[in-house]
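Where a number appears in this text, it was derived from the coordinates with a stated rule and is not lab data. Being a predicted model, the structure only gives us computed values, none of them experimental. Virtual Cβ from ideal backbone geometry, glycine too; neighbours counted across all protein chains shown.
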Amino acid sequence: MAAVASRFSCLHAPPLRQVSRSLISAASTSRCFATETSPPEPITKRRPTYFKDKLNAVPSFNEFVGAEEEPFSAEDALELRTAMVGPPGRKKQITRLPEWLKTPIPDNSNYKKIKKDLRGLNLHTVCEEARCPNISDCWGGSDKSAATATIMLMGDTCTRGCRFCSVKTSKAPAPLDPHEPEHTAEALARWGLGYVVLTSVDRDDLADGGARHFTETIMKIKQKKPDMLVEALTGDYAGDLEMVSMVAKSGLDVYAHNMETTEGLTPYVRDRRAKYRQSLKVLEAAKKATPTLITKTSIMLGLGEKEDELWQTLKDLRAVDVDVVTFGQYMRPTKRHMKVEEYVTPEVFELWRERALELGFLYCASGPLVRSSYKAGEAFIENVLKKRKGITILADEATGMQKAVV
């Protein structure tokens, strides 16, 4: 029986290492130095420190021995920073935006007033439909006269499906609102804006592409407020240059049509009905119809365009006498749209602005958050129209001096 008991105690005895630890801990808690007048403070467990950024990381072996680092591949150099967000079990990966692309959430009394007015008159803006990142900045002025809103005519549904645009699409959108030209003119006159941008969805379902509707809206605005500057950002009207000429002669001040990207990327970025050479002909026809008209276009960067392709696009635009070009960063609106190939830095945008001016463009707005109609009044009036007015004043002064001499 004794043998059985000793064997049982041996099998169920705690491990030797555990016994030694318990003896050491008991001794350390019961004994102290003779010079101590108070018991030692209990040892608190420190929270472990984690170094997750590259600056605090341990040097690699190559760095330690002084060896040269292998160069980045093209894929590694353009790899975008990502993060996992969401509750456990349902986390999803998102792309972190660079600091220069972050904008505030729209929360402003004037922003809310403009939005309420637009809904009351059943008007749409490209600011909302295209999810523009500048909506807080443009709509958040101190008053409505300091704000910029781009009115989108002919509804909120487009007949084309470009791979970069988040505007709704349909083969058969709702019919045109016959009261829209009057409502638009009334709203803009009431706001007291000095500069307004009108744009529209593409309406390939209409015989004229909506050109007459566009023309009527511009003419009503000019009747109600002749001194208001009007910019029209139009489609290509399926290449019908007579419709382009009609809009160009409606009394507007700036005719805009966006090229969007380079010739090589056009079939992959834009709808198959939107062609690079066709867009160039639209801008050329507008200038020929009204030579005093300022023509304008916009190009997105970050779609995978190459430097020589961008150079050629700028040269093609100057060949048809386009006055103004803007550069902005492409930002993917939803997962259904094209991925961003590169987030272009502000320094590169500034470089292309300088190159455009060297080629002879009258004005160029270039930056990550620049859009075709971004703060159109401020940028355009200060940098283009005032400049042109100064040229006119100098010409008048020269004429007056000649008359005085004679």
Point to revise | Potential lengthening between LYS339 and ASP156 on full extension [0.36 nm per residue; Cα-Cα distance subtracted] | key: 63.5 nm
Review point. Quick one: if you stick a label point 7 Å off each Cα along the C-beta vector at MET219 and VAL348, how many nm between them?
Key: 4.6 nm
Practice item. Treat each spin label as a single point 7 Å out from the Cα along the C-beta direction, and report the ARG273 to ALA238 distance in nm. Key: 0.6 nm
Review point. So how far apart, in nm, are the two label points at LYS92 and LYS315 if each is 7 Å from Cα heading toward Cβ?
Key: 4.5 nm
Practice item. Could you please state, rounded to a whole Å, how far the C-alpha centre of segment 294-353 is from the C-alpha centre of segment 237-256? Key: 23 Å
Review point. Taking amide hydrogens as modeled 1.01 Å from N in the peptide plane, which residues meet the under 5 Å criterion relative to LEU153, leaving out close sequence neighbours?
Key: THR199, SER200, VAL201
Point to revise | Compactness of segment 250-345 as Cα Rg over 2.2 N^0.38 Å, two decimals | key: 1.13
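Return the inverse of the average 1/r over all pairs of distinct C-alpha atoms in segment 142-297, which is the Kirkwood hydrodynamic radius, in Å to one decimal.
Roughly 16.0 Å, rounded to one decimal.
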